[in-house]
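Notes for the one structure printed next.
FYI, it's all coordinate maths here, none of it is from the lab. Note that the coordinates shown come from a computational prediction; the quantities given were computed from them, not determined experimentally. For neighbour counting, all protein chains shown are included, and Cβ atoms are generated from backbone atoms with ideal geometry for every residue, glycine included.
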């Protein structure tokens, strides 16, 4: 129960923070601050969307944009690894969160078997992606590219300045990689016959909370890396 409520609130919170940050980036720099007036304007801005996100044309455009982004950033056959990883992760996130929120029993049956299979494919493709892309998010690369990042930075109301987009991308990338490792390790730990019930319960909780952090980092990465 606690995990379901906490995960739902955190996903809503980071989504609101990202959209609020996008709204602030459209304002003059002197007006970028957290205040009641800006929050009311932000709510009117959100309300103006209405239910446009339910239109199939919007989803078609989003999928086309995602496919083009993959082809632009992954050459040759590696783009198919990226697409496969994305599809596996989409199922893992949706199935895991759906059962955590709406099914008290948790994940079971055929969805669980498919979850395990998708998890194995996700672990393999994520490992290859790390070998291909990890060097771009090392500290020396970040310093060199911090002034060349495309798109607006991430406005931080506390610091009253925009944080470089490349740094946010690196945080999202390494969090996603770390939680991916924890997800794979906790799954293997719970499946091996060498651990008692308390240890397997510990692995279960590690898996759930790692999955939540992974989803949060994926949302942040989607905003920082892909969406312009």
Label point distance in nm, residue 133-residue 58, each placed 7 Å from Cα along Cα→Cβ | 2.5 nm
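If you stretched the chain out fully between residue 192 and residue 140, how much longer would it get, using 0.36 nm times the residue separation minus the C-alpha to C-alpha distance? Before the final figure, lay out each step's value.
Values: separation 52, 0.36 × 52 = 18.72 nm, distance 3.95 nm.
Between residue 192 and residue 140, full extension yields 14.8 nm more.
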Hey, how many Å between the Cα centroid of the stretch 1-43 and the Cα centroid of the stretch 93-141?
-> 27 Å
Full extension from residue 49 to residue 117: what is 0.36 nm times the residue separation minus their Cα-Cα distance, to one decimal in nm?
-> 20.8 nm
Highest GNM mean-square fluctuation, the chain, Cα pairs closer than 10 Å: which of 128, 103, 116?
-> 103
At 222 nm, what helix-only mean residue ellipticity would the chain give, in deg cm²/dmol to the nearest 500, using -39500 (n - 2.57) for each DSSP H run of four or more?
-> -24500 deg cm²/dmol
To the nearest 10 degrees, how steeply does helix 165-191 sit against the main Cα axis of the chain, on a 0 to 90 scale?
-> 10 degrees
Counting alpha carbon pairs within less than 8 Å and at least 6 residues apart, what relative contact order, in whole percent, applies to the stretch 2-226?
-> 22 percent
Report the FRET efficiency, 1/(1 + (r/R0)^6), for residue 222 and residue 31, where r is their Cβ-Cβ distance and R0 is 30 Å, rounded to 0.05.
-> 0.65
Rounded to 10°, Cα long-axis angle of helix 78-102 versus longest principal axis of the chain = 80 degrees
If one builds a Gaussian network model of the chain from Cα atoms under 10 Å apart, the most fluctuating residue listed among 132, 212, 92 is 132
Acute angle (nearest 10 degrees) that the helix 197-221 long axis makes with the longest principal axis of the chain, alpha-carbon atoms = 30 degrees
Highest GNM mean-square fluctuation among 22, 61, 208, for the chain with Cα springs under 10 Å, belongs to 61
On full extension of the chain, what length is gained from residue 171 through residue 75, given 0.36 nm per residue of separation minus the C-alpha to C-alpha distance?
-> 32.2 nm
Distribution of pairwise C-alpha distances over the chain, 10 Å bins, in % | 7, 26, 34, 24, 8, 1, 0
